[in-house]
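Student: Please see the structure below; I have some questions.
The values are calculated or read from the model by the stated rules, or taken from the named source; none is laboratory data. What you see is a predicted model, and the numbers here were worked out from it, not measured in a lab. Cβ placement follows ideal geometry from the backbone for every residue including glycine, while neighbour counts extend to all protein chains displayed. These area figures cover heavy atoms from the full protein model, side chains too; ligands, DNA and RNA do not enter into them. Shrake-Rupley method; radii C 1.70, N 1.55, O 1.52, S 1.80 Å.
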There are 4 protein chains.
Amino acid sequence: MSKTSSAAPTRQRRKEARPQELLDAALALFVEKGFAATRSDEVAVRAGVSKGTLYLYYPSKEELLKAVIQQNYSGLIAEGAGIVDNFEGPTAELLAMLMRMWWTRVGSSPAGGIHKIMMAEVRNFPEIAQFYRDEVIQPSSELLIRTLRRGVERGEFRPLPYEEAMHALIAPLIFMSLHKNSFGACPLEGMDFDPDRVIEVHIELMLNGLLTKPAITAKTTTKAS
Amino acid sequence: MSKTSSAAPTRQRRKEARPQELLDAALALFVEKGFAATRSDEVAVRAGVSKGTLYLYYPSKEELLKAVIQQNYSGLIAEGAGIVDNFEGPTAELLAMLMRMWWTRVGSSPAGGIHKIMMAEVRNFPEIAQFYRDEVIQPSSELLIRTLRRGVERGEFRPLPYEEAMHALIAPLIFMSLHKNSFGACPLEGMDFDPDRVIEVHIELMLNGLLTKPAITAKTTTKAS
Amino acid sequence: MSKTSSAAPTRQRRKEARPQELLDAALALFVEKGFAATRSDEVAVRAGVSKGTLYLYYPSKEELLKAVIQQNYSGLIAEGAGIVDNFEGPTAELLAMLMRMWWTRVGSSPAGGIHKIMMAEVRNFPEIAQFYRDEVIQPSSELLIRTLRRGVERGEFRPLPYEEAMHALIAPLIFMSLHKNSFGACPLEGMDFDPDRVIEVHIELMLNGLLTKPAITAKTTTKAS
Amino acid sequence: MSKTSSAAPTRQRRKEARPQELLDAALALFVEKGFAATRSDEVAVRAGVSKGTLYLYYPSKEELLKAVIQQNYSGLIAEGAGIVDNFEGPTAELLAMLMRMWWTRVGSSPAGGIHKIMMAEVRNFPEIAQFYRDEVIQPSSELLIRTLRRGVERGEFRPLPYEEAMHALIAPLIFMSLHKNSFGACPLEGMDFDPDRVIEVHIELMLNGLLTKPAITAKTTTKAS
DNA sequence: AATGAATGAGATTTCATTCAT
DNA sequence: GATGAATGAAATCTCATTCAT
């Protein structure tokens, strides 16, 4: 019926490969069912090992969660920093490139599911919350803020409160990533839009706005903060 | 502001108030700790009753979750529909009004936390997923799409793929709501921006874009779908 | 076949009686099989409840052990102190009375088994070790030492190092108690002496010695310390 | 005194030394932590081998326990028998010599810890109980009883029930040995007596009694049984 | 022979749910 | 109805034992 049907489940020694296999299995299940609702031997079975083996590599389910998060984010940010520092050309292009890159590399990959786990669990794991803020949120925020500032200083972008604009910028990316791993994974009728196109439209709108002619908005006198 | 402090003599716990008290307690705890990690007698204690009493009203924790979700969304949408149908004036104003309204009435109220629960649990409760799509997502999407179409048809907005634009529009609202109930509730340093202002910046940017001068974007030749 | 044969194992509410029943069951099993080798649901079953109920009263097996020890020794020593303070007559009689009393009330009762548990487990539970020393060993040692000093000071006993003599005095009592709960409980042939008579012989020998005529012993010039 | 420090070049672990090293490691750990609470790879690590190697020599932890006990008692008794048979002189001296010898050779050596293990585990291992009775208790009891009888028959000792007197005689020896391996190994204040001196006082008291003048005891008309 | 990665039965503990009071 | 003591299925984690290398 499937791949491992006939051969006896002979015991395998794969010390090197095991951590990665376990982390992948754990990520998939934590994203699908949530951390608390995933039983530790489900993880083991999906990774093709026994319950005991899982505990040989990670001393508790909580440590496993931490390892999943760390492994997926180590050295993800550094890459983006290099791009920002070396880019020459219109800031709009740089911004669009960063956002498309994040979407390709994180948002629509398994690692994107980590956001879902984090949203659901941060309040139960303050230690992980701090780690995630320091290693992921903070550096990537800085990257985008630096880019916005570049645009404003070069006169390409209108003046803005950077922190808030940054959040408005990334919100649809993360939202789409969350969607893919929640509603998007359910067999529901009538939810058949294409996340990739949402990202493109978002980029377009962010840069150019909805209006055919710029309006003078009274309410939000936005200044670069 | 205080709930029921003055009027009720608080003599005996009123039977008819129980369901609401239980649902409120459950909502708060499910949002804070997640569904699986909330113990059913925590809910009971927070509602001021005993564990047994909880089961008198809801036959299982799962049914309680369903009731929490359903109760918080009954008749939330109808209100918006009336506004859209009767509004006269620039569509940009209508759109901004709808978004601010959602933020005030839902996003920054306890009900906003339901999104967090839904994200975390839909894949475990397909039944709820369908309900939520039918009762919440579908009608509010239609409302926004109708508004966008109004803008495009009146020549106020540039042509757009409605579905995708709609998602780009609501993403920061929902994202901020999720944030308030996850990272925003953790005592982390350096995450001290104001969600309300993010909403305002988002509205501003959505309408006018980042660029000082409109660019001709080649990549996304967005047409009204 | 037995007492609870026919009646359905109907759930009983016995909040008051439960702690004692659980402690008795735990004592018996810890003495018989040792602490580590006793499974917590064995304790529950012997007390006539379910595993869950045990944890309703004691939050862990270790806490259960502590409770067993404390409950069996609270106010056991005070009694002896009263006797020593009020006794008039030959110290030999007082000493014999104390020893026989201990044997009757502790050594040959279930509580005597606690010594066996303590011997086996002290090194794993330093906290309990301290408790036992403070509550049991220290006060009862003082009692015996006071008695020995009375004998020496009244010229009834030869001079002695009190601390060491005290240990020589109680050793057979405790040893017999340990024996009853270890070898004595095994179905072995040829170990059929009577512990009660050992105690009597010990008392006799302690007071009068083995020798028909007192010897002058060079080696141990024992002085009252 | 040092085991094998100078002679062996310690190049490769010698195969023939393994069993002894394993038994020593097991003895030390079983005495310290108890049988059930000692993990089998703790034993292996302490013996400087891997877990797998331990199972090459002993097929189960239970067999290891048996081996520990048996190995430590082989040919311990024979020695004593020779002494008793050949001794000439006062029986009191013989008795004192036997007791001091036991204390030196067994009680205060690692082998003394076996008593602790036996006390704790006999009821779980009936097979070992029988072995211990046959190989250790029975022969050494006989030795002491023979010595007591010699004393009584030569008119040196008062008439006694031999079996019971024998137990009264050895109790402090074993009790001190147990103490060294339980409470004595805990860092408790106020338990700082010297076991060696307890033994000496015990011998002194046993021979001469506490009383300055022999009393006529009515209660225990002890006759040689 | 020696190793230590892998296993899985079994232990402790939790908690949704039931039900006697 | 309301309570909370009682239950037991199920979850996490341990560790004696096995076996591929």
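Student: Counting only C-alpha contacts under 8 Å and six or more residues apart, can you give the relative contact order of chain D as a whole percent?
Tutor: It comes to 21 percent, rounded to a whole number.
Student: Whole-Hz ³J(HN,Hα) for each residue in the stretch A:101-112, computed from phi via Karplus 6.51 cos²θ - 1.76 cosθ + 1.60 with θ = phi - 60°, x for glycine and proline: what do you get?
Tutor: Working through the residues one at a time gives 5, 4, 4, 5, 7, 10, x, 9, 10, x, 4, x Hz.
Student: Mind checking the alpha-carbon convex hull of the stretch C:42-84 and giving the volume per residue in Å³?
Tutor: Spelled out: Cα convex hull of the stretch C:42-84, divided by residues, is 81 Å³.
Student: What percentage of all Cα-Cα pairs in the stretch C:58-142 are separated by more than 15 Å?
Tutor: Roughly 63 percent, once rounded to a whole number.
Student: How well do other chains shield peptide C:85-97, expressed as the mean number of their Cβ atoms within 10 Å of each residue Cβ?
Tutor: Working: counts 0, 0, 0, 0, 0, 2, 2, 5, 1, 0, 1, 3, 0.
Across C:85-97, the average partner-chain Cβ count within 10 Å equals 1.
Student: Ok, one more. Sort D:Arg18, A:Arg46, A:Arg197 by heavy-atom solvent-accessible area, probe 1.4 angstrom, most to least.
Tutor: The ordering from most to least exposed comes out as A:Arg46, A:Arg197, D:Arg18.
Student: State, to one decimal in nm², a quarter of the convex hull surface area for the C-alpha atoms of the protein assembly as shown, i.e. the direction-averaged projected area.
Tutor: Computed as one quarter of the Cα hull surface, the answer is 56.8 nm².
Student: Per residue of the stretch D:23-33, in order, report the coupling 6.51 cos²θ - 1.76 cosθ + 1.60 (Karplus, θ = phi - 60°) as ³J(HN,Hα) in whole Hz, putting x for Gly and Pro.
Tutor: 5, 5, 4, 5, 4, 4, 6, 4, 5, 6, 10
Student: Compute the orientation-averaged projected area for the stretch C:101-189 from the convex hull of its Cα atoms and round it to one decimal in nm².
Tutor: Average of the hull's projected areas for the stretch C:101-189 equals 7.4 nm².
Student: Each residue of the stretch D:58-73 in order: what ³J(HN,Hα) in whole Hz does its phi give by Karplus 6.51 cos²θ - 1.76 cosθ + 1.60, θ = phi - 60°, with x for Gly and Pro?
Tutor: 10, x, 7, 5, 5, 5, 4, 4, 4, 4, 4, 5, 5, 4, 6, 10
Student: Return one number: the angle in degrees, 0 to 90 and rounded to the nearest 10, between the long axis of the Cα atoms of helix B:195-208 and the longest principal axis of the Cα atoms of chain B.
Tutor: 20
Student: Moving to a separate point now. What residue among A:Thr212, A:Thr147, A:Thr38 shows peak mean-square fluctuation when chain A is described by a Gaussian network model with Cα springs under 10 Å?
Tutor: A:Thr212
Student: Could you pull out the pairs from C:Lys61/C:Lys116; A:Lys15/A:Lys51; D:Lys33/D:Lys66; A:Lys61/C:Lys66; C:Lys51/C:Lys180; A:Lys116/B:Lys180 whose alpha carbons sit more than 21 Å apart here?
Tutor: A:Lys61/C:Lys66; C:Lys51/C:Lys180
Student: In Å³ and rounded to a whole number, note down the convex hull volume per residue for the Cα atoms of the stretch C:74-117. Don't skip to the answer; put the middle values down first.
Tutor: Details: hull volume 2.9 nm³, N = 44.
Cα-based convex hull of the stretch C:74-117, divided per residue, equals 66 Å³.
Student: Round to the nearest 10 and report in Å² the accessible area of D:His179, as given by a 1.4 Å probe over the protein chains' heavy atoms.
Tutor: In the full protein context, D:His179 sits at about 20 Å².
Student: For a quick size check, give me the Cα extents of the stretch C:61-225 along its three principal axes, largest first, whole Å.
Tutor: 53, 40, 31
Student: Order the peptides A:19-25, C:82-88 from the highest to the lowest mean number of other Cβ atoms within 10 Å of their residues.
Tutor: Numbers: A:19-25: 18.0, C:82-88: 11.1.
For the peptides A:19-25, C:82-88, the packing ranking is A:19-25, C:82-88.
Student: Of all accessible surface on chain C at a 1.4 Å probe, what whole percent is carbon and sulfur?
Tutor: Working: 5780 of 10980 Å².
Percent of accessible area from carbon and sulfur atoms in chain C: 53.
Student: Distance from the Cα centre of the stretch A:34-109 to that of the stretch C:157-210, in angstrom?
Tutor: Each part's Cα centre sits 69 Å from the other's.
Student: What is the set of long-range amide H partners of A:Ala47 at a cut-off below 5 Å, with H atoms built 1.01 Å from backbone N?
Tutor: none
Student: What do you get for the angle between helix D:162-180 and the principal long axis of chain D? Use alpha-carbon atoms, 0 to 90 degrees, nearest ten.
Tutor: 40
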